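Notes follow the structure.
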């Protein structure tokens, strides 16, 4: 079971955390892995805290529970740090990726004694620069791929291009911006 | 060659429906099964199927439309969950007693109240005695495979009963996982064309369906209906065998996992069976003799076969994802106890109510259950026979 | 095709049709209601003008007509309601007690 990579996403309804987890499942699938991508469902509303999960493995995945001891945590909205214990159960040798303009050192004191690895990325800045709008999930997807190393960056970029061409077949004008956001994010994650 | 894909459980069932290309689908949306008719209606709109899609105003109407269309001679399907199935209640009996092989994708969800949209089995367990065949699925793959087989099972001349194919709401219906799909033409060939013996739209042989029945005849009709359910067991196994030839995936009436030499066994249904298999592996690595039996076919209930599979265990925990409110435990436990009643030195049986309304079940929770069984094996003291798993107390 | 079965009170479950389906049309003729009768209509052919007023009022279609002429009653299905006798302007139908 140690060869399963488990990822937990924290976001707010409408920010695309669920979509990002499904995209990650998609792209990992295309590299030949066994995957799970699933949100925790409830009466979600825009802005309410939501959780989504990924399991990525070389072997068939049978377990159907939520993830309590993830290898990685992604925080799509930094305001969640106040209300949610985002590092709960996070493995000591794992890492957390947070969308914030702060540096890892600055954000550490908001993580209530967490001593593991911290990565930060200013997804707002990247998204607004590349897309002209605030969609934090695309840069966060890049960030977790880089931090977790679940696949090579070149393969990720290639597969995402493919995936966006399919997903945005009806509005190809947004593909370029999204690809740009992915590429910048790979560079900017700290 | 199988097609490697990744789909949610709902997409998987909708894909099976597309490949089967039924004559009629009549459905009303309800969480978490909504996506099934939603995906399917796009297949209709895009011309991928030539199905008549009937959007109705309630589940009562959905099943009524299914009864009418199946009686007319059309291969008919629907999907629902929870309160939707409850609203179909009356028609479920009619579909079964009129011997109409409708296929229903049931995405298991708790029944109110308090209102809850997450998974448990109170909906399908409530409908267990309506005369429908019930087949359960651990994951998206099984939901897909079972749905394709269900068509053949229900329509078989010895059976002629409606079939519901169940999977856990959200846990598998909304989780994207790997799946192996069968090619469209092979599915089409496997299910074949539907040729009912008698049907309303046969102008050469007019008929009446659903007449008033007097006490003089009603019992004979019910006895004949029961025969369909009795014969279904053999038919299910025959079709599973053909399915295995097509796909290499083997299905029985139930699945056993490391049960042959097990002292402690779980009996479980749907998605938590996968979680429990991980628990079994973990405990086996510690040298513990544990195993499980996963129910696939709950109606007809394969009592003799289950008794044979479990008779050499010392203790069993029957896992019910539905309350029975009989003050004794859940419906699955009652059935398992009956199945084992005539076994000499029958294993000790405890019942756990678990996972109600989407309460998450971890590998550790299942290990806790096996630990309790180990205690019973050691002390011989069964203790409380009716327990709740992961309830705050 | 499901066999068209004569269904009566001796039928076994193995022979009955599934769900009570009736796999034929026009089969009410097989259901004998004549023995429900307490009164019985008698057709007096001499008085009959073949106006056929009795035929459409019979609730059980028990007055057969051939070549535009009514025949004697179909006593297998006639329940003896007497409507035909009321409708007849010529006294050609007489109701008597049925002594079966």
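Data for the structure
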item	result
Exposure proxy ranking, count of Cβ atoms within 10 Å, fewest first, for B:132, C:13	C:13, B:132
Distance between the stretch B:70-95 and the stretch B:167-189 - C-alpha centres, whole angstrom	22
Dimensions (Å) - chain B, Cα atoms, principal axes, largest first	70, 53, 44
Shape of the stretch A:4-188, Cα gyration tensor, a/c cut at 1.5	rounded
Peptide B:209-219 - average C-beta neighbours from other chains (10 Å radius)	3
With Cα atoms, 0 to 90° folded angle of helix B:331-340 axis to chain B main axis	70
Burial ordering of B:327, A:57, fewest other beta-carbon atoms within 10 Å first	B:327, A:57
Gaussian network model of chain B, Cα within-10 Å springs - most flexible of B:377, B:46, B:365	B:46
Whether the stretch B:66-154 is rounded, prolate or oblate, judged on the alpha carbon gyration tensor where a/c under 1.5 counts as rounded	oblate
Span from the the stretch B:338-393 Cα centroid across to the the stretch A:46-92 one, whole angstrom	30
B:362, C:12 arranged by Cβ crowding within 10 Å, fewest neighbours leading	C:12, B:362
Range of Cα positions in the protein assembly as shown per principal axis (Å), largest first	119, 69, 46
Helix-only CD estimate at 222 nm, as mean residue ellipticity for chain B, using -39500 (n - 2.57) per DSSP H run (n ≥ 4)	-13000 deg cm²/dmol
Euclidean distance between Cα centres, the stretch A:115-138 to the stretch A:1-39, Å	17
Ellipsoid semi-axes in whole angstrom, largest first, where each is sqrt(5λ) of the Cα gyration tensor of the stretch C:32-97	18, 13, 10
Rg to Rh, two decimals, where the stretch B:208-254 supplies the alpha carbon set and Rh follows Kirkwood	1.27
Choice from A:103, A:87, A:138 with maximal GNM fluctuation in chain A (Cα, 10 Å cutoff)	A:103
Nearest-ten-degree value, helix B:9-20 long axis tilted from longest Cα axis of chain B	40
Cα gyration tensor category, rounded, prolate or oblate, for the stretch B:254-384 with a/c compared to 1.5	rounded
Antiparallel %, DSSP beta bridges [both residues in the protein assembly as shown], to 5	40
For the stretch B:127-204: Kirkwood Rh in Å [reciprocal of mean 1/r, alpha carbons]	14.4
Relative contact order of chain C, defined on C-alpha pairs under 8 angstrom at six or more residues apart (%)	32
With Cα atoms, 0 to 90° folded angle of helix B:272-285 axis to chain B main axis	30
Cβ crowding within 10 Å averaged over residues, with B:1-8, A:95-102 ranked highest first	A:95-102, B:1-8
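Laboratory data are not the source of any read-out in this text; all were calculated from the coordinates shown. Because the structure is predicted, anything quoted here is derived from the model rather than measured. Ideal geometry is used to build each Cβ from the backbone, glycine not excepted, and the neighbour counts take in all protein chains shown.
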